[in-house]
Amino acid sequence: MATITSVPSPAAAETRAARPGLLHEIRTFWQLFFVAAFDPYRPEQHYMRGPGPACRAKDPSAPVPPSH
């Protein structure tokens, strides 16, 4: 009588490894969400808001903005 043994196919194992599970997708989503939601960089704080002191020094007739 012949005995049949089952050996896992390497192709099936590679397919499982290449296709991450639902838990991995959820974890990746939350990681990206927290990075985007709590990113300390605020670009609006770095943009220039008008002519600076060098421009005013070149043109003395330029109005001086009120200081706060």
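The values are calculated or read from the model by the stated rules, or taken from the named source; none is laboratory data. Not measured: the values here are computed from a predicted model. Protein only, heavy atoms only, side chains kept; ligands, DNA and RNA dropped before computing areas. Shrake-Rupley method; radii C 1.70, N 1.55, O 1.52, S 1.80 Å.
What does the extension gain come out to for residue 39 and residue 25, with contour length at 0.36 nm per residue minus their alpha carbon separation? Can you show the working numbers first?
Details: separation 14, 0.36 × 14 = 5.04 nm, distance 2.11 nm.
Going from the current span to full extension adds 2.9 nm.
Could you rank 47, 41 by how accessible they are, 1.4 Å probe, largest area first?
Numbers: 47 150, 41 125 Å².
Largest accessible area first, the list is 47, 41.
Can you list the HN-Hα couplings for segment 34-45, worked out from phi with the Karplus curve (6.51, -1.76, 1.60; θ = phi - 60°), rounded to whole Hz and with x for Gly and Pro?
Per residue, the Karplus-derived 3J(HN,Hα) values read 5, 5, 6, 6, 10, 6, x, 6, 10, x, 5, 7 Hz.
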